Amino acid sequence: MISKDLNLAATILREEGIIGLPTETVYGLAGNVFSEKAIKEIYDIKQRPLYNPLIVHIKNTEELKKIAIDIPPIAFELATKFWPGPLTLLLKKNFLVPDIVTSSKPTVAVRMPNHPIALALLNQLDFPLAAPSANPFGMISPTKAAHVNEYFTDKLVLDGGNCETGIESTIVGFIDNEVIIYRLGGISIEDIKSVSGEVKILNKNDEAPEAPGMLSKHYAPQTPLFFTNDIENFSKKYKDNRIGLILFSKSIEIFSDNWIQCILSPKADLKKAASKLYETLHLLDKMNLDCIIAEQFPDEGLGCVINDKLSRASKND
Ligand code: TXA
Ligand code: MG
């Protein structure tokens with residue numbers, strides 16, 4: 001059920017239930033971080049493996065003390081610059097956080113979301129909210145309340161409109177003096193570097209993923225998706241098929257009436273394009289197409305993130 005009733009959402013959460021939570025990145029499936037009952041239900045209805053830990057959402061840096069300890073100064077610098085916002089920090093866990101939230105890891109993932117409704121809700125509660133993205137395991141992340149409602153029909157979804165960032169948070173951890181990016185997301189690599197100097201990027205580790213959600217196959221639509229750096233020629237192979245094209249800023253010469261072209265940002269704005277990516281995937285996935293073909297985006301800023309998400313969603317690698 002989609003609702004704007006903040007009080008009802010707060011009551012459900014206090015009674016150890018779970019709700020769909022709008023954030024600026026994607027919608028989350030949220031529960032009281034200290035309630036094992038709520039956390040178990042999140043893993044359960046998401047069909048998420050218990051080895052894949054959740055992100056904790058806090059309302060202010062004061063609340064961080066309940067969640068993490070021994071916070072390195074560089075983490076504070078990043079938080080000061082980017083919170084509230086799409087940055088998740090991996091920090092040493094406070095013993096108060098139940099092991100099920102962190103899959104028994106010694107670290108906990110934390111962020112302060114930049115969404116007025118999420119912050120208003122958190123301010124009504126005296127506990128932080130653990131929330132993974134509100135999609136069944138392996139499916140496209142939701143960027144509007146209706147997406148969550150389709151996935152989890154019997155849950156209350158707080159309506160916060162379309163997610164402004166539209167892709168998940170960037171996950172950053174710290175080992176010795178090194179700053180490590182484990183997942184590309186709404187804050188670009190360049191932005192992280194502007195605060196931390198050098199960073200190490202460790203976001204493709206299928207063997208023993210540090211951020212277990214980073215397996216290379218992820219975020220996939222049901223329709224086969226191809227990702228190419230030569231969209232004109234690649235698409236020609238499918239001229240007799242019904243295909244959906246995901247393009248950055250310009251259309252390509254149309255070869256068939258069966259084709260649907262989705263231009264993510266006619267003004268070639270990568271931020272805008274990123275915010276449209278999942279919504280477009282949701283839309284195309286509902287059209288019964290033979291396949292989706294996405295072009296490679298410029299490899300800079302949020303373009304790197306879009307390329308990362310598309311290559312994980314694609315069939316060809
Ligand atoms: O933007 C976002 O981050 C959204 C919104 C709802 O906040 N949340 C989100 O959660 O994307 P989720 O569960 O879909 O992705 C969380 C990622 C997973 O890849 C998980 O493995 C990683 O964070 N993670 C969480 N806790 C971790 C930990 N202690 N150590 C390493 N990775 C962790
Ligand atoms: Mg997710």
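The values are calculated or read from the model by the stated rules, or taken from the named source; none is laboratory data. Fair warning: this is a prediction, and the values are worked out from it, not measured in the lab. Here the Cβ is made from the backbone with ideal geometry for all residues, glycine too, and neighbour counts use every protein chain on show. These accessible areas exclude ligands, DNA and RNA; they are computed on the full protein's heavy atoms, side chains included. Shrake-Rupley method; radii C 1.70, N 1.55, O 1.52, S 1.80 Å.
Please work out if Ser141 is away from ligand 2 (no atom under 16 Å from the Cβ) and part of a loop (DSSP other than H, G, I, E, B). Even if it seems obvious, please write down each step before you answer.
Details: away from ligand 2 (no atom under 16 Å from the Cβ): no; part of a loop (DSSP other than H, G, I, E, B): yes.
The answer is no for Ser141.
Candidates in the range 206-232 are the residues that are open to solvent by 80 Å² or more (accessible area, probe 1.4 Å) and at pLDDT 85 or above; of these, the one that is farthest from the chain's Cα centre (by Cα) is Asn229.
Candidates in the range 25-57 are the residues that are among the charged types (D, E, K, R) and open to solvent by 30 Å² or more (accessible area, probe 1.4 Å); of these, the one that is nearest to the chain's Cα centre (by Cα) is Arg48. Using beta carbons and a limit of 7 Å, which pairs, at least six apart or on different chains, have the first residue in the range 70-91 and among the basic types (Lys, Arg) and the second one open to solvent by 20 Å² or more (accessible area, probe 1.4 Å)? If the second residue must be open to solvent by 20 Å² or more (accessible area, probe 1.4 Å), the pairs left are Lys81/Val195.
Within the range 246-289, the set of residues being in contact with a strand residue (DSSP E or B) (Cβ under 6 Å, 6 or more places away or on another chain), in a loop (DSSP other than H, G, I, E, B) and at pLDDT 95 or above comprises just one member, Leu289. Among the residues of this structure, Thr170 does not count as one that is free of Cβ contacts under 8 Å to residues at least 12 places away in the same chain and outside the structural domain of Glu16 (by TED's automatic domain parsing). Residues in the range 94-113 that are surrounded by fewer than 24 Cβ atoms within 10 Å (Cβ to Cβ), of a type outside the set (A, V, I, L, M) and not in a loop (DSSP other than H, G, I, E, B): Asp99, Thr102, Thr107.
Out of the residues in the range 114-136 meeting the condition of being in a loop (DSSP other than H, G, I, E, B) and more than 9 Å from ligand 1 (Cβ to nearest atom), tell me which one is most open to solvent (accessible area, probe 1.4 Å). Reasoning before the result, please.
Keep residues of the range 114-136 that are in a loop (DSSP other than H, G, I, E, B), which gives 114-115, 125-128, 131-132, 134-136.
Subsequent filtering for residues that are more than 9 Å from ligand 1 (Cβ to nearest atom) retains 114-115, 125-128, 136.
Values: Asn114: 81, His115: 18, Leu125: 5, Asp126: 116, Phe127: 15, Pro128: 0, Pro136: 20 Å².
By that ranking, first place goes to Asp126.
Within the range 144-156, the residues that satisfy the criterion of being crowded, with 20+ Cβ neighbours inside 10 Å, more than 16 Å from ligand 2 (Cβ to nearest atom) and not in a loop (DSSP other than H, G, I, E, B) are Ala145, Asn149.
For the range 31-87, filtering for residues that are assigned to a helix (DSSP H, G or I) and of a type in the set (A, V, I, L, M, F, W, C) leaves 11. Annotation note: of Asn177, Asn203, the sole residue that is under 21 Å from Leu91 (Cα atoms), under 15 Å from the mean Cα position of the chain (by Cα) and either at pLDDT below 95 or surrounded by fewer than 18 Cβ atoms within 10 Å (Cβ to Cβ) (or both) is Asn203. Selection of the range 58-75 for residues being open to solvent by less than 10 Å² (accessible area, probe 1.4 Å) and within 13 Å of Leu125 (Cβ to Cβ) yields Ile58, Glu63. Only one of the numbered conditions (1) open to solvent by less than 30 Å² (accessible area, probe 1.4 Å); (2) within 16 Å of ligand 2 (Cβ to nearest atom); (3) closer than 14 Å to Pro142 by Cβ is violated by Ile19, and that is (2).
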